[in-house]
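S.K.: This structure is in structure tokens; I'll ask about it shortly.
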Amino acid sequence: MQISIWEKESFYAPKDVIIVGSGLVGLWCAWHLKKKDPKISIAIIDRGIIPTGASTRNAGFACFGSVTELVEDASRFGEDNMLQLVEMRYKGLQRIRKVFKEPAIDFELCGGYELFPPNHTRQRSELEHETERLNKLLHDITGKKRTFKDASKKINELGLHHVDYLIENKLEGYLHSGKLCQALLQEVQGMGVTVLNAIEISGFEKVDDNVVLYTNQLIHLKAKQILICTNAFARQLLPDLNIVPARGQVLVTSPIDDLPLKGTFHYDAGYYYFRNLGNRVLLGGARNKAFEEEETTELEITEKIQQELEHFLSTHILPGYKYQITDRWSGIMGMGNEKLPIVKEVSSGVFCAVRMSGMGVALSPVIGEQVSKMLT
Ligand SMILES: Cc1cc2nc3c(=O)[nH]c(=O)nc-3n(C[C@H](O)[C@H](O)[C@H](O)COP(=O)(O)OP(=O)(O)OC[C@H]3O[C@@H](n4cnc5c(N)ncnc54)[C@H](O)[C@@H]3O)c2cc1C
């Protein structure tokens, strides 16, 4: 098949910026670039028929970190980095709520919780001390005296089992990840961004003042600047980046009459996460039960992890209930030896915004803003 002159001069015409990857990061980058300069020409390319990374396959938590996650982040990456990430995530959530009407993306400020079983390794006094310390540190970011507070009295009300202690964060919520991506996609297309699907970028090269992108199709594309937003898959194009793929598996139950569960829930330093989806339960995680096997970009589910999730479901969330598992899937996160995303110019005219460390829903609007300041 040959390319017509019409195709060459419209869909495939050279652009100011080509973004590789139409997940939340690529889309928010396009949104901010267009807001800053409506005349800039942008194309977003994705190899999937729809965005097929983590953005449409996650749990839809609009969160900025549980107590144990933030304590661990501070000890591993330093307190400043931990606070920087919380601030980015918090601001990102505010941006989402500013741009989109809450019902359009099923956003609800339902409250987030972290739960602890009776035999948890941390003493309750230690957790209380850490909560208090974090509340002081986060005060400037959230404006709340007590971002986190003991909500153990709600354990029965929420129908949780084998749980001894519960910490609540009323500033967290959930949303519909598919509706958010779709709404953002429609928004950027309305701003004049060209979106091309089912094209895989296999490489790129700087030629004179442009960057040429090679694809798995007959065409190659050309832009003054390119921005790689392929998160967990970024090493395919940028092999030197410190990014490790981490698969996350999820399941969803059939509807359950009078489901008491309401909110987003984190357990075991965030390795398990669950929420209600109307009167169904969405549960994901257990990656820590098979770290090596889950260090993959294969979008598969495994019996081992799915069984572990089902066991968790019947122990902590739905013992005694009748339900079926109606949906199962996986998505790939981009992790690394640091938790801050990689947002930089890799070489002349080539930029990247990748490694969202499993926090991209909240981070992506702020990353988009950073990128729009970097690209000119
Ligand atoms: C199971 C699971 C649960 C999660 N839960 C949450 C949550 O509740 N809250 C939260 O904040 N975060 C969550 N995350 C993380 C969050 O979804 C990600 O951080 C975020 O979606 C990353 O967005 P992105 O745009 O950087 O990458 P992605 O959404 O992965 O997008 C990358 C895109 O690049 C495309 N691509 C890759 N290579 C190429 C190529 N060579 N050419 C063209 N296109 C290419 C892919 O098709 C894909 O669409 C979760 C992730 C998973 C997997």
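S.K.: Kindly indicate whether GLN306 is more than 19 Å from GLU69 (Cβ to Cβ), at pLDDT 95 or above and not assigned by TED's automatic domain parsing to the domain that holds GLY26.
M.R.: Here the answer is yes, as GLN306 does meet what is asked.
S.K.: Right, here's the next one. Could you go through the stretch 88-101 and let me know if any residue there is within 19 Å of the chain's Cα centre (by Cα), of a type outside the set (Lys, Arg) and either assigned to a loop (DSSP other than H, G, I, E, B) or under 25 Å from GLU298 (Cα atoms) (or both).
M.R.: Looking for residues that are within 19 Å of the chain's Cα centre (by Cα), of a type outside the set (Lys, Arg) and either assigned to a loop (DSSP other than H, G, I, E, B) or under 25 Å from GLU298 (Cα atoms) (or both), one finds at least one in the stretch 88-101, hence yes.
S.K.: Ok, one more. Working only within the stretch 155-173, note down all residues that are without any contact (Cβ under 8 Å) to a residue 60 or more places away in the chain and either more than 30 Å from ASP258 (Cβ to Cβ) or surrounded by fewer than 18 Cβ atoms within 10 Å (Cβ to Cβ) (or both).
M.R.: ILE155, ASN156, ASP164
S.K.: So, one more: With a cut-off of at least 2 residues that are touching a Ser or Thr at 6+ places or on another chain (Cβ under 8 Å) and not acidic (Asp, Glu), name the strands (runs of 3 or more DSSP E) lying wholly within the stretch 282-376.
M.R.: Result: 325-335.
S.K.: Then there's this: Tally up the residues in the stretch 263-282 that are within 17 Å of HIS176 (Cβ to Cβ) and buried (at least 17 other Cβ atoms within 10 Å of the Cβ), please.
M.R.: Matching residues across the stretch 263-282 total 10.
S.K.: PRO38 passes all but one of (1) farther than 17 Å from MET333 by Cα; (2) in contact (Cβ under 8 Å) with a residue 24 or more places away in the chain; (3) part of a helix (DSSP H, G or I); which number fails?
M.R.: (3)
S.K.: Restricting to the stretch 342-370, name every residue that is in contact (Cβ under 8 Å) with a residue 60 or more places away in the chain, more than 11 Å from the ligand (Cβ to nearest atom) and under 17 Å from ASP16 (Cα atoms).
M.R.: SER347, SER348, GLY349, VAL350, PHE351, listed by residue number.
S.K.: Quick check: anything in the stretch 179-202 more than 11 Å from the ligand (Cβ to nearest atom), within 20 Å of TRP6 (Cα to Cα), under 27 Å from the mean Cα position of the chain (by Cα) and surrounded by fewer than 17 Cβ atoms within 10 Å (Cβ to Cβ)?
M.R.: yes
S.K.: May I pose another question? All but one of (1) modelled with pLDDT of 95 or more; (2) surrounded by 16 or more Cβ atoms within 10 Å (Cβ to Cβ) hold for GLU69, so report the exception by its number.
M.R.: Only one criterion is unmet by GLU69, namely (1).
S.K.: When the residues of the stretch 203-219 are narrowed to those that are surrounded by fewer than 14 Cβ atoms within 10 Å (Cβ to Cβ) and under 29 Å from the mean Cα position of the chain (by Cα), which ends up farthest from LYS8 (Cα to Cα)?
M.R.: GLY203
S.K.: For the stretch 105-147, which positions are in a helix (DSSP H, G or I) and of a type in the set (S, T, N, Q)?
M.R.: Result: SER125, THR131, ASN135, THR142.
S.K.: A follow-up question, please. Answer yes or no as to whether ILE18 is more than 10 Å from the ligand (Cβ to nearest atom), buried (at least 21 other Cβ atoms within 10 Å of the Cβ) and closer than 29 Å to LEU299 by Cα.
M.R.: Considered against the rule, which asks whether it is more than 10 Å from the ligand (Cβ to nearest atom), buried (at least 21 other Cβ atoms within 10 Å of the Cβ) and closer than 29 Å to LEU299 by Cα, ILE18 comes out as yes.
S.K.: Taking THR52 as the residue in question, decide whether it is assigned to a loop (DSSP other than H, G, I, E, B) and either surrounded by fewer than 18 Cβ atoms within 10 Å (Cβ to Cβ) or among the hydrophobic types (A, V, I, L, M, F, W, C) (or both).
M.R.: Judged against the criteria, THR52 is not a match.
The values are calculated or read from the model by the stated rules, or taken from the named source; none is laboratory data. Keep in mind it's a predicted model, so treat the numbers as computed, not measured. In this analysis, Cβ positions are derived from the backbone assuming ideal geometry, glycine residues included, and neighbour counts consider all displayed protein chains.
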